[in-house]
1. Could you give every pair whose Cβ atoms fall below 7 Å, whose first residue belongs to the stretch 397-419 and is over 12 Å from residue 449 (Cα atoms), and whose second residue is among the charged types (D, E, K, R) and assigned to a strand (DSSP E or B), counting only separations of at least 6 or pairs across chains?
2. Name the residue that is farthest from residue 326 (Cα to Cα), counting only residues in the stretch 199-218 that are touching a strand residue (DSSP E or B) at 6+ places or on another chain (Cβ under 8 Å) and assigned to a loop (DSSP other than H, G, I, E, B).
3. Quick check on the stretch 563-593: of everything there that is of a type in the set (Ser, Thr, Tyr) and part of a loop (DSSP other than H, G, I, E, B), which residue is modelled with the lowest pLDDT?
4. Mind listing just one residue for me: the one in the stretch 486-507 that is surrounded by fewer than 20 Cβ atoms within 10 Å (Cβ to Cβ), more than 15 Å from residue 410 (Cβ to Cβ) and among the charged types (D, E, K, R) and, of those, modelled with the highest pLDDT?
5. I'm trying to understand the selection: among the residues of the stretch 221-249, which are in a loop (DSSP other than H, G, I, E, B) and of a type in the set (Gly, Ala, Ser)?
6. Regarding the stretch 487-498, can at least one residue be identified that is in contact with a Phe, Trp or Tyr (Cβ under 6 Å, 6 or more places away or on another chain) and under 30 Å from residue 474 (Cβ atoms)?
7. Which ones in the stretch 551-586 are surrounded by fewer than 24 Cβ atoms within 10 Å (Cβ to Cβ) and out of contact with any strand residue (DSSP E or B) (no Cβ under 8 Å at 6 or more places or on another chain)?
Amino acid sequence: MGFCVRHIAVLSATFFFLVQSQPSNFSKHNEIHRARSQIDSLIYKLTLDLNTFIQKKNLAHATEKEAQRLARIAQEEIAVLTPVQHVLEKLAKNTYSGYLCSTTRSGKIKVRIEAKGSLLPKHYTIAIPVNHRELIDRGLTRENGNDLQVYYHDNGQRPVQVDRVIKGLGTKSANVLFRLQTSISAYTVDSSSYSLVIGEAVRSSAMDDPSKVYAFYDDFSSSAIKKEWVKVWGQWSVQNGRLLGNTMKSKDVNNDIVEIGVYLKSGFHWKDVEYRVIGNRFWQWANGKLVHNNFKVEKQWDILNGTIGLGCHRSPHNCKTLYDNIRVTLLVATAPNVTLGKLQAFFPIKSALLGHQKLPADSCKQIHDASVLNNKPRAKNGVYWIKIDLQGSAAVQTYCDMENGGWTLVGKISGRVGNIYNKWLVSNHNIAELKASNITKRNQFACLDARSLAVEEASTVLLSSGDKMNGLGSKWVMWRLPGDREKASFWDHSVGSSSVKAAVQTPVMVYAWNGQKKNCYQNKFGIMPYGAHGGSYPYASYSTAGNTAKNDNCMAVGVMKKHSTAHGWSQNGYGFDSASSDSDWPNRSNYNQSPNVVVWLK
């Protein structure tokens, strides 16, 4: 078994922007757009909080003073953030050459966990490599590491701090260890659940209980042996913070046996536990030194389903051994790849107009997350203004499903619509139809340019039926977007059949409305590779070649009409691997040439 980690780095410091006499193109800096987005979210949340406090004051006189106090705080915070918001807006539009502003700044670093060929189980320990020395030298964190914390964000809920252990404080090769709060399937990427928060933005004490970082941990700091240990032979006691084991004379000194004196009862749910790490070989360290290197274990020593034990291997007198800092970590056959994203500006939140025309949101999920209170969103299902370019001001109105976590409606298609490979999800087309989530017209499609959202904000795509006018359809399939996708080439039909066919096809688990799931395949372009299927997208195919089949959950939206050719593709009619109506789910035919689906991103 194994574990993986992700960080969020939060930076809190005073920053100044000095007025410059020469013109500058600030709008090209990603940091400005990210900071603007975070400020928008913060003011929006504060305004919702302010409205809540006012309502409480009106409802009950007993809470009036507290409501007034909280409302005043919210108003003060909004007053501080509003000038920053206006400046960032002008910088984003490149109408300011400079400005002077003094306030607090924060940021985050997302942790990206890529599970390779092995499932990462819950409680798998993740190690995040951190250059702690550089962070200290930049003034972003302190020497003691108390302001280096890990946060977990469960979908639809507020981030919560999780316990972590730091190794190598103050060094360039420090590691922040924590354990997964939920499992991660093989061949999937999680880039939104964990964050590393650093610096003055940290507002609470660090949670650093090693027993909640490893599968098991005991430093014998208590004067008595923990109840998890069970004594079966010999004398065992805690002395000076270490476990002393005295097994006395072996019962049978003539046989090659091992006598377990104490074992851990809480470990019986572990699998394949023995004196080994890989196969029938193990490595052992004592006092930081390797004492057994690639040691082969005889078969009779294996404990295939059990726990760990401490004891002695045959002694005519006795074995006295001291143990300390026992740590148990879960392993997997193929370790995950854990990387950190960029340090992003992080401001607590912005205006109640987030999602309105004058203040479009990055995504429906941004509005949803900013509105969460007591693990429930205050934002309602409906039409909001969403950016189609995170670094610009272009935005369109589309439907948001807030009840299910903030899904953004990006496309609808029904019936035979001809060749749409140069428009579908890469341009704004018939966008007025996106104000409702249900499908009402045949032989037409509607979409927004969803590439920026799909690559820079979202992690999951969902295809649903079009039978509901107030959110996700009653039937759907969804899967994680490819981890190596790029904005310049994702869903871009013009990259050509040969490039898509040569791309690595990676497995992805597709989940369905009825509880079923199926292992399908995708590539970094998000386009079906089979040359005669017309370059369908979004897609997930049941084979690496891009084949289609009826009545399975691997689906694709056809973008070329039958017998047409473009960019090296042709269409034989079997590239339409999706439902043809709201009652045709998953699909009775992969030759219907008449898709009927709604496309969502989150």
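The values are calculated or read from the model by the stated rules, or taken from the named source; none is laboratory data. Being a predicted model, the structure only gives us computed values, none of them experimental. Every residue, glycine among them, receives a Cβ derived from its backbone with ideal geometry; neighbour counts consider all protein chains shown.
1. Close Cβ pairs (under 7 Å, with a partner that is among the charged types (D, E, K, R) and assigned to a strand (DSSP E or B)) amount to 407/401.
2. For the stretch 199-218, the residue satisfying everything is 202.
3. Per the criteria, the residue is 589.
4. 501
5. The answer is 221, 222, 223, 224, 234, 241.
6. Yes, there is a match, as at least one residue in the stretch 487-498 is in contact with a Phe, Trp or Tyr (Cβ under 6 Å, 6 or more places away or on another chain) and under 30 Å from residue 474 (Cβ atoms).
7. 551, 566, 567, 568, 570, 583
The rows are residues; the columns are (1) β-branched (Val, Ile, Thr); (2) touching a Pro at 6+ places or on another chain (Cβ under 9 Å); (3) within 25 Å of residue 155 (Cβ to Cβ).
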{"site": "368", "(1), (2), (3)": "no, yes, yes"}
{"site": "372", "(1), (2), (3)": "yes, no, yes"}
{"site": "390", "(1), (2), (3)": "no, no, yes"}
{"site": "400", "(1), (2), (3)": "no, no, yes"}
{"site": "409", "(1), (2), (3)": "no, no, yes"}
{"site": "415", "(1), (2), (3)": "no, yes, no"}
{"site": "420", "(1), (2), (3)": "yes, no, no"}
{"site": "425", "(1), (2), (3)": "no, yes, yes"}
